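Worksheet: the structure to be examined is printed underneath.
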Ligand code: G3P
């Protein structure tokens with residue numbers, strides 16, 4: 001299984017916190033021989049990416065040039081990211097923007113993992129050929145109630161119609177949730193609050209990795 005740890009903007013995963021979390025991820029990844037991707041804030045990409053494979057949480061649909069305050073694909077790549085999340089439910093963009101960004105990322109060699117809230121969105125976005133699709137029902141995010149237990153049908157429905165590697169996220173908080181996601185056909189899981197807010201992220205993550 002592939003594990004994606006979204007640092008979001010939690011204070012525990014900001015600055016020195018990002019370094020601590022990346023250390024925990026690195027240790028779990030080495031000890032379990034698993035592929036674990038970190039998604040820190042932009043400002044923490046340079047140091048986190050020296051420790052573990054790193055995706056940015058977003059990039060803006062722009063070309064190099066006069067776009068003050070935006071985040072350029074080339075910038076996150078040069079900072080050390082090997083890919084990016086796009087269209088997370090906390091940072092939505094339009095279908096046209098997703099299309100533009102998938103093409104840009106392909107051109108410059110960044111992987112794309114596009115988040116979707118429902119089956120229809122997954123089907124539309126899969127036609128744009130991102131590297132990964134991730135289904136996350138927004139109402140379960142941060143609740144500790146997992147997609148794999150509460151909405152298993154969402155995962156199987158997407159698997160039936162979409163041929164892009166599928167991850168799932170929202171409320172993933174136990175090893176059992178991860179096992180269930182795998183059983184339903186997901187190649188990986190996105191996890192945030194359970195690990196990021198844990199008193200011991202190393203222990204929590206290690207217990208979840210299958
Ligand atoms: O990107 C992953 C995320 O949205 C899931 O959040 O806190 O439910 O694990 P959480």
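The values are calculated or read from the model by the stated rules, or taken from the named source; none is laboratory data. None of the values given here were measured: they were computed from a predicted structure. Note that each Cβ is placed from the backbone with ideal geometry, even for glycine, and that neighbours are counted across all protein chains shown.
A single member of 117, 148 is within 12 Å of the ligand (Cβ to nearest atom) and either out of contact with any strand residue (DSSP E or B) (no Cβ under 7 Å at 6 or more places or on another chain) or in contact (Cβ under 8 Å) with a residue 60 or more places away in the chain (or both), and it is 117.
Among the candidates 129, 103, 124, the residue that is at positive phi, at pLDDT 95 or above and away from the ligand (no atom under 16 Å from the Cβ) is uniquely 129.
For the stretch 161-177, what are the residues that are outside any helix (DSSP H, G or I) and away from the ligand (no atom under 15 Å from the Cβ)?
First, the residues of the stretch 161-177 that are outside any helix (DSSP H, G or I): 162-174.
Matches in the stretch 161-177: 162, 163, 164, 165.
I need a count of the residues in the stretch 179-200 that are away from the ligand (no atom under 11 Å from the Cβ), part of a helix (DSSP H, G or I) and surrounded by fewer than 23 Cβ atoms within 10 Å (Cβ to Cβ). Counting residues in the stretch 179-200 that are away from the ligand (no atom under 11 Å from the Cβ), part of a helix (DSSP H, G or I) and surrounded by fewer than 23 Cβ atoms within 10 Å (Cβ to Cβ) gives 4. Does residue 125 fit the bill of being crowded, with 16+ Cβ neighbours inside 10 Å, under 22 Å from residue 167 (Cα atoms) and in contact with a strand residue (DSSP E or B) (Cβ under 6 Å, 6 or more places away or on another chain)? Yes: the conditions hold for residue 125. In the condition set (1) closer than 22 Å to residue 118 by Cα; (2) within 16 Å of the ligand (Cβ to nearest atom), residue 97 is compliant with all but (2).
Within the stretch 3-21, the only residue that satisfies the criterion of being away from the ligand (no atom under 13 Å from the Cβ), surrounded by fewer than 24 Cβ atoms within 10 Å (Cβ to Cβ) and touching a residue at least 60 places away in the same chain (Cβ under 8 Å) is 20.
The residue that is surrounded by the most Cβ atoms within 10 Å (Cβ to Cβ), among those in the stretch 22-41 that are within 18 Å of residue 86 (Cβ to Cβ) and out of contact with any strand residue (DSSP E or B) (no Cβ under 6 Å at 6 or more places or on another chain), is 40. The combined condition, being closer than 18 Å to residue 4 by Cβ and touching a helix residue (DSSP H, G or I) at 6+ places or on another chain (Cβ under 8 Å), is fulfilled by residue 105.
Listed here are the residues, each with its yes/no results for (1) touching a residue at least 12 places away in the same chain (Cβ under 8 Å); (2) over 25 Å from residue 142 (Cβ atoms).
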| position | (1), (2) |
| --- | --- |
| 64 | no, yes |
| 70 | no, yes |
| 89 | yes, no |
| 95 | yes, yes |
| 106 | no, yes |
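What is the residue count in the stretch 83-94 for residues that are part of a loop (DSSP other than H, G, I, E, B) and within 16 Å of the ligand (Cβ to nearest atom)? Spell out the reasoning first.
Within the stretch 83-94, the subset part of a loop (DSSP other than H, G, I, E, B) is 87-94.
Still in the list and also within 16 Å of the ligand (Cβ to nearest atom): 87-93.
Count: 7.
Can you report the number of residues in the stretch 50-82 which are more than 13 Å from the ligand (Cβ to nearest atom) and either assigned to a loop (DSSP other than H, G, I, E, B) or on the phi > 0 side of the Ramachandran plot (or both)? Adding up the residues that qualify gives 21.
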